[in-house]
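Laboratory data are not the source of any read-out in this text; all were calculated from the coordinates shown. As the structure is a computational prediction, the values presented were derived from the model and not from experiment. Note that we place each Cβ from the backbone using ideal geometry, even for glycine, and neighbour counts take in every protein chain shown.
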Amino acid sequence: MNDLIVKKEDNYQLTDTIISELRLIDEEEKELKEKKEKIREILLKEMEDKNILKLENENISITYKAPTERETFRTAKFKKDLPDLYDTYVEFTPVKSSLLIKIK
């Protein structure tokens, strides 16, 4: 799978083949995610109804987690209200390069 980017006139472009392939993969991925989410919802309801906390075998482990509250820190508000204090505690870490692919 080389030469996925070709030069046409003075611009670089993706080949039609890779565009089609990415679209197909994206559609399949969306369908699989929807199927997986439906199964998760059904399993969650059944585990709640049957009061099951864990199902496990050699292939899979499913653990029920009860509803709870999450503590969150409102970073944007803190930064706005106390910018000097925010700057004292903020640190930057390197992030490796990556690609963002949006299928339209």
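Here are some notes:
- Along the chain, counting only GluC sites (Glu not before Pro) with a DSSP assignment other than H, G, I, E or B and at most 14 other Cβ atoms inside a 10 Å radius, the longest segment between sites is 10-57.
- If the chain linking LEU53 and LEU22 were pulled fully straight, counting 0.36 nm for each residue of separation and taking away their Cα-Cα distance, it would gain 7.3 nm.
- A Förster radius of 25 Å, combined with the Cβ-Cβ distance separating GLU37 from LEU14, puts the computed FRET efficiency at roughly 0.25.
- Loop-located chymotrypsin sites (Phe, Trp or Tyr not before Pro) across region 1-76 with a Cβ neighbour count of 15 or fewer within 10 Å are TYR64, PHE73, with loop assigned by DSSP.
- Separation of the alpha carbons by more than 20 angstrom is noted, of LYS77/LYS102; LYS36/LYS104; LYS7/LYS104; LYS30/LYS102; LYS8/LYS96; LYS8/LYS102, for LYS77/LYS102; LYS36/LYS104; LYS7/LYS104; LYS8/LYS96; LYS8/LYS102.
- Largest mean-square fluctuation among ARG70, ARG23, ARG40, in a Gaussian network model of the chain whose springs join Cα atoms under 10 Å apart, belongs to ARG70.
- Of (1) 13.9; (2) 7.5; (3) 7.1, the label for mean projected area of the Cα convex hull in nm² derived from the coordinates: (1)
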